[in-house]
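Working notes, structure below.
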Amino acid sequence: MKTMYRAARVLASILAVAVLAPNLLRAQEDAEKAWTMLFDGKNFGEWQFYFGKAGAENDGTFTVQDGILICSGKPAGYMVTKKSYGNYTLQFDFAFKRPEGLKDEAEFRGNSGCLIHVGENNALGVWPRSIEVQGANRQMGVILPIPRDLKCTRTFDSQALASVLRPIGQFNRIEIEVQGGDMTISINGAVVSTVRDCELTAGPIGIQSEGAETHWKNIRIREK
């Protein structure tokens, strides 16, 4: 009797999985369809460029190689989406080119970042009014308002970053959850920083050129 009962339970479980599987698959497919690629690995159709003054062109600072966005880091400037966004999730994979002979990662000074809610040009040097999600290796995910007196509340968890940060040269997965003036930044699945009550609530998205060679891929957005 017990054997028959167990067999019936196993059969019921199998049937339940068989019934639910198509729905789960469709849900996964729908979730993937909700994402839009901001960089197609071929060209810069969704982007424009700024290098400190109007009319300055992208002369090899940002290039595409084997489907990966390569930023040389020189000169200082940024590429920025043509479209403005307010409520969304942004994901991308980011890595520095590892310098030859680097032995102590604590000595690496490479810098870059992602700009959220890009506004007026030259608010701090070449950088526009925005919220910078820091890309510098030892402070990845730190929030830097541009200009510095831009109003927002921010946090940073250095221990969370240290527990997930990958070696220089390897890609880190960055996710930026944006709800107007509130943001949550995760690196490789761990929340490392937050923004609350930012006075900026919408704008284009920017990628910085800031001295070091950086690599970017799988840049995608899911609007809400």
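Laid out as a table, the results:
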read-out: Set Ser186, Ser209, Ser193: member being among the small types (Gly, Ala, Ser), crowded, with 21+ Cβ neighbours inside 10 Å, more than 14 Å from Gly86 (Cα to Cα) and under 14 Å from the mean Cα position of the chain (by Cα); value: Ser193
read-out: Inter-residue pairs, beta-carbon under 8 Å, first touching a residue at least 24 places away in the same chain (Cβ under 8 Å) and in segment 99-125, second open to solvent by 40 Å² or more (accessible area, probe 1.4 Å) and among the basic types (Lys, Arg), 6+ apart; value: Ala106/Arg138; Phe108/Arg138; Val118/Arg129; Gly119/Arg129; Ala123/Arg129; Leu124/Arg148
read-out: Long-range neighbours under 6 Å by Cβ, at least six apart or interchain, first residue modelled with pLDDT under 95 within segment 52-81, second open to solvent by less than 40 Å² (accessible area, probe 1.4 Å); value: Gly52/Val126
read-out: Matching strands (runs of 3 or more DSSP E) fully within segment 172-211 where at least 1 residues are over 17 Å from Lys224 (Cα atoms) and among the basic types (Lys, Arg); value: 172-179, 190-196
read-out: Filter pass, Lys42 being open to solvent by 80 Å² or more (accessible area, probe 1.4 Å) and either polar (S, T, N, Q) or without any contact (Cβ under 8 Å) to a residue 40 or more places away in the chain (or both); value: yes
read-out: Strands (runs of 3 or more DSSP E) wholly inside segment 99-171 that include at least 1 residues being open to solvent by 40 Å² or more (accessible area, probe 1.4 Å), more than 17 Å from Cys71 (Cβ to Cβ) and not basic (Lys, Arg); value: 153-156
read-out: Test: residue in segment 151-169 that is closer than 18 Å to Tyr88 by Cα, under 15 Å from the mean Cα position of the chain (by Cα) and at pLDDT 95 or above; value: no
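The values are calculated or read from the model by the stated rules, or taken from the named source; none is laboratory data. Please read all numbers here as calculations on a predicted model, not as lab measurements. Note that we place each Cβ from the backbone using ideal geometry, even for glycine, and neighbour counts take in every protein chain shown. Areas reflect the complete protein model, heavy atoms only, side chains present, ligands, DNA and RNA absent. Shrake-Rupley method; radii C 1.70, N 1.55, O 1.52, S 1.80 Å.
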